[in-house]
Every structure is written in C-alpha cells, then in structure tokens.
Amino acid sequence: MSIHFDLSDFRLFVSIAEEKNLTRGAARAFLSVPAASNRIKHLEEMLGVKLFERSPQGLHLTKAGATYLQHARIVLSQLDMLTGDMQVYTQGLTGQLRLLANSTAITEYLPTVVASYLHTHPDVHIDLRERMSEDIVRGVRDGAADLGIISGSVPTDGLQSIPFVSSRLVLIAPLQHPILQGGAVAFRDALNHVMVSLLESSAAHSFLGRAAAAIHKPMSIRVQVASYDATFRMVEAGAGIAIVPQACYDRLKDGFEIGLAALSDPWAIRTFRVCAQEFQGLSSFARDFATSVIERYRIDGQTADHPL
C-alpha cells in the first residue's frame, strides 16, 4: 500500500497531540476546528489506524498515534535543521528554536543569553516553554524540543548534556523569623512553617511538591504568586517563608528586608546542564544557542571547555 505523508498533517498532528485538545491544536496550526477534524479523520483513514482516543478529559494517543507522533517530530526537526543550514548560504540564518527549560533557568540564567542571541540572530524565533527537568529530558529525547536546560541529578540516558553553572536553593524569611537563627535548615523543618509558593503550574512548585511528597510531609501554602518578585514581597510582608534559587536571592535581595538560610538537603545544590539528542546534529542556529549559554557562564569561570 502506498502512503502519502503530508508535512501539514505532521504539524497539525503534533499540535493536537501536545495540546491534547482539538480546538487548541487547530488554533496552533491556524486551522478551523472542522478543518482540523477532517484532516485528522482523513489521516486515520489513509493509515488505516486510529491515532486518538477521545474522552471527557481530552484527546489521548493510541499506540499507533504515539508512534506517528515520534516520527512526525523527527521529520519536522530534520526539516527545521535543513532549512536553517541552507539559509546560511542564502539570505542569512533563520528558523525556529524549540527550547524547554525549568523555572530557575528561565528567570535567572537565560534572559541575558536570549537578549544577546537574538541580537546576533534576529531571524530566529525561540519557542521557549517551562517544564520540570524530568519532562524536559523526555521532550528532548522524543524530539519535541531541540534543546533542554535542566538541573539536578535527572538521568539523561540517550542524550548529550553539558554542565554550565551550579547553583543552590535557599530559604528566605522575614528578618526576625526564628527559622533564620539556627544556620542551615533542613527542608523537613522548613515544612513546619507556612510558605509562599509560585503557582501550581510552575515547574518550581512541582519540584518542591515532589520533594515534600518524598518525605511524606505536606507543604502548608498560605499564598501562591506568579513571580519571584511577588514571592519576595509576600515574604517581607510576613505571609510565610519561601524556597528560592540563590541566584534569585542575589538579584533581588537589595530591594527587600528579608533574611536567608541555606538548605542543608543535598538536592538543594544543583548543576544546570544544556542537553540535546546530539549537539553536532542540531541546526546551526540551535548549536549557536547552546554555545551561547555555555560560553556565557564559562567566561565567568563556572565551567570547563566544552565540545561544541
């Protein structure tokens, strides 16, 4: 049987699969819902298999759908690399860089890199999304992203990864709070106090929630906010204590009357890494971005020479 594969079908399918919703997926692909539905129906008829299972919770991939998604991502990734590399020889570098990063990387380490990179690569669009490190590894491995920025001891089997900076999580509290009087604090003891947290949708909130679940002790969250700046304001006002990156504290501390204590847990010290399926297999502009991240912190003496 001869099967005709269409790049538009690949893009639409990936959008719907990632959104787990036909309406949102169609919007990402700039199609109406009926048009998107018809394309998926015709695709399933052509392949002779069902790609999605429908439920009140949304769309879910069948085994055949998961296989199709894996290959669709690979094909689209290869096409992006080809387009980017060919543009070098014509009218300048252009393309889309798909990047996944955790909360701390996005707020503390990537802004200066992105600003500099976009100045030298004005025709590259960066699709940056926040995820947990475990989900980032999975996304890069599955071809959903070109690069990932992760931290901690997350296994990266099957990927290449390069460390670029180390940081740690710290506890902040109002200046006279008793938790600041005893030096380093164990996360278990911090959980005895009410806390200020980022929103549940944030990777930072999910990370701390998993750490609390691992020791079977819940977080008592009084206030949830959308940014670290708001976190500092709430802590200063006495709403609770908070766990934040050291880099975030260094950036914001001068504007607030708050104190700091180190977290004594080993997982509080985290190494940040750039990861990819294979760095030499990336498009030129994706390789350039990875190099920019590593070089930015290597210049500060934070990491050794790298192979890019």
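The values are calculated or read from the model by the stated rules, or taken from the named source; none is laboratory data. Quick caveat: nothing in here was measured; it's all calculated off a predicted structure. Here the Cβ is made from the backbone with ideal geometry for all residues, glycine too, and neighbour counts use every protein chain on show.
Return yes when F207 is of a type outside the set (K, R), under 21 Å from I150 (Cβ atoms) and modelled with pLDDT of 95 or more and no when it is not. So F207 does not fit the description; no. If you filter the stretch 11-65 down to residues that are among the hydroxyl-bearing types (S, T, Y) and assigned to a loop (DSSP other than H, G, I, E, B), you find that the one that is nearest to the chain's Cα centre (by Cα) is T62.
Every test in (1) part of a helix (DSSP H, G or I); (2) within 30 Å of S161 (Cβ to Cβ) is passed by D229 save one, and that test is (2). Within the stretch 200-226, the set of residues being in contact with a Gly (Cβ under 9 Å, 6 or more places away or on another chain) and either assigned by TED's automatic domain parsing to the domain that holds I106 or under 20 Å from A101 (Cα atoms) (or both) comprises E200, F207.
Across the stretch 156-212, the number of residues qualifying as surrounded by 18 or more Cβ atoms within 10 Å (Cβ to Cβ), assigned to a strand (DSSP E or B) and not hydroxyl-bearing (S, T, Y) comes to 14.
Being surrounded by fewer than 17 Cβ atoms within 10 Å (Cβ to Cβ) and either more than 30 Å from L118 (Cα to Cα) or at pLDDT 95 or above (or both), is that true of even one residue in the stretch 278-285? Looking through the stretch 278-285, none of the residues is surrounded by fewer than 17 Cβ atoms within 10 Å (Cβ to Cβ) and either more than 30 Å from L118 (Cα to Cα) or at pLDDT 95 or above (or both). The single residue among A211, A173, A184 that is farther than 17 Å from I106 by Cβ, in contact with a Phe, Trp or Tyr (Cβ under 7 Å, 6 or more places away or on another chain) and of a type in the set (A, V, I, L, M) turns out to be A211. Checking each residue in the stretch 160-184 for being out of contact with any Asp or Glu (no Cβ under 8 Å at 6 or more places or on another chain) and either hydroxyl-bearing (S, T, Y) or more than 19 Å from A268 (Cα to Cα) (or both) picks out S161, I162, S166, Q176, H177, P178, Q181. On the basis of being more than 22 Å from the chain's Cα centre (by Cα), at pLDDT below 95 and not aromatic (F, W, Y), does P245 make the cut? No. Can you find a residue in the stretch 197-208 that is within 9 Å of I241 (Cβ to Cβ) and in contact (Cβ under 8 Å) with a residue 12 or more places away in the chain? Checked against the condition, which is being within 9 Å of I241 (Cβ to Cβ) and in contact (Cβ under 8 Å) with a residue 12 or more places away in the chain, the stretch 197-208 yields no hits at all. Cβ separations smaller than 6 Å between residues 6+ apart or across chains give the following pairs from the stretch 160-178 residues that are under 16 Å from P245 (Cα atoms) to residues that are of a type in the set (V, I, T) and surrounded by fewer than 19 Cβ atoms within 10 Å (Cβ to Cβ): S166/T271; R168/I269; A173/I179. Filtered by the rule that a residue be β-branched (V, I, T) and surrounded by fewer than 20 Cβ atoms within 10 Å (Cβ to Cβ), the stretch 114-155 gives V114, T120, I126, V154.
This table checks each residue for (1) at pLDDT 90 or above; (2) assigned to a helix (DSSP H, G or I); (3) more than 24 Å from N21 (Cβ to Cβ); (4) not aromatic (F, W, Y).
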residue	(1), (2), (3), (4)
T67	yes, yes, no, yes
I74	no, yes, no, yes
G84	no, yes, yes, yes
Q91	no, no, yes, yes
S116	yes, yes, yes, yes
H119	yes, yes, yes, yes
R141	no, yes, no, yes
